[in-house]
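*Asks:* Dropping a structure here in structure tokens format, bear with me for questions.
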Amino acid sequence: MALPDELYNVKFAEHFESIKKMYLQDDRFKVICDNYCESIANAQIYKRKFESNFQKNQDFENLAVELEEEIRFYIIRKGL
């Protein structure tokens, strides 16, 4: 059974040999590591979604500002 990519991490560099052994030998440790890897993967997914949604939100806010200005100019031009 291969070690998940998320465990090849600078944060764990000094314990890497121990992690490799324990992951293969200790079921409880493996569950903890698998949960960690799943959490990392989910965080990356939601980060990408947030960034995408943030950009869409910014686009809509910018469009709203432009349209507000256009409404004001239209009212001024029509003078009603």
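*Asks:* Residues that are of a type in the set (S, T, N, Q) and modelled with pLDDT under 90: does the stretch 22-40 have at least one?
*Replies:* The answer is no; no qualifying residue exists.
*Asks:* So for the stretch 30-52 (the condition being more than 30 Å from the chain's Cα centre (by Cα) and not small (Gly, Ala, Ser)), does at least one residue qualify?
*Replies:* No, the stretch 30-52 has no match at all.
*Asks:* Being over 30 Å from Leu3 (Cα atoms), free of Cβ contacts under 8 Å to residues at least 12 places away in the same chain and in a helix (DSSP H, G or I) is the requirement here; does Phe73 meet it?
*Replies:* Yes.
For (1) assigned to a helix (DSSP H, G or I); (2) exposed (fewer than 10 other Cβ atoms within 10 Å of the Cβ); (3) of a type outside the set (Asp, Glu); (4) in contact with a Gly (Cβ under 6 Å, 6 or more places away or on another chain), each residue gets a yes or a no:
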residue	(1), (2), (3), (4)
Glu17	yes, yes, no, no
Ile32	yes, no, yes, no
Asn35	yes, no, yes, no
Glu38	yes, no, no, no
Asp59	yes, no, no, no
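The values are calculated or read from the model by the stated rules, or taken from the named source; none is laboratory data. Only a predicted model underlies this, so the values are computations on that prediction, with no experimental measurement involved. Positions of Cβ are generated from backbone atoms using ideal geometry, with glycine treated the same way; all protein chains shown enter the neighbour counts.
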